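A.B. asks: Just dropping this structure here.
The values are calculated or read from the model by the stated rules, or taken from the named source; none is laboratory data. Only a predicted model underlies this, so the values are computations on that prediction, with no experimental measurement involved. Cβ atoms come from the backbone with ideal geometry, glycine included; neighbour counts cover every protein chain shown.
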Amino acid sequence: MVQELDTLIALLEREAEKGTEHGWQHDENDNNGGYETVSHDDRAKVLLNSSGILRQLHDAIAVVLDAVDAVQITMNMLEDA
């Protein structure tokens, strides 16, 4: 399930990139002479928001799976003792 979420997140981020514009804003007061700008159309904003929520779900699932593994390891150690 985690791999499927990774795939879906990557797909959403690729789609969002189609509505993302990268630019450069000149600023003579900036040490680098300016800074990069990034703007997203409405579709890209929704896609990026969705991918962020799915990334949080991914992370929560990973924590639960790690906890289940830790419990199983502990139970195995107690059985062997």
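A.B. asks: Considering only residues that are among the aliphatic types (A, V, I, L, M) and touching a residue at least 24 places away in the same chain (Cβ under 8 Å), look in region 33-60 and name the one that is nearest to Thr7 (Cα to Cα).
C.D. replies: Out of the qualifying residues, it is Leu54.
A.B. asks: Related question: Which condition does Val63 not pass, out of (1) of a type in the set (A, V, I, L, M, F, W, C); (2) over 25 Å from Gln3 (Cβ atoms); (3) part of a helix (DSSP H, G or I), if it passes all the others?
C.D. replies: Every condition holds for Val63 apart from (2).
A.B. asks: Sticking with this structure for a sec: Can you confirm whether Val71 is in contact (Cβ under 8 Å) with a residue 12 or more places away in the chain, exposed (fewer than 12 other Cβ atoms within 10 Å of the Cβ) and aliphatic (A, V, I, L, M)?
C.D. replies: Considered against the rule, which asks whether it is in contact (Cβ under 8 Å) with a residue 12 or more places away in the chain, exposed (fewer than 12 other Cβ atoms within 10 Å of the Cβ) and aliphatic (A, V, I, L, M), Val71 comes out as no.
A.B. asks: I'd like the full set of residues that are among the acidic types (Asp, Glu), modelled with pLDDT of 95 or more and not in a helix (DSSP H, G or I), limited to region 1-35.
C.D. replies: Answer for region 1-35, where residues must be among the acidic types (Asp, Glu), modelled with pLDDT of 95 or more and not in a helix (DSSP H, G or I): just Glu21.
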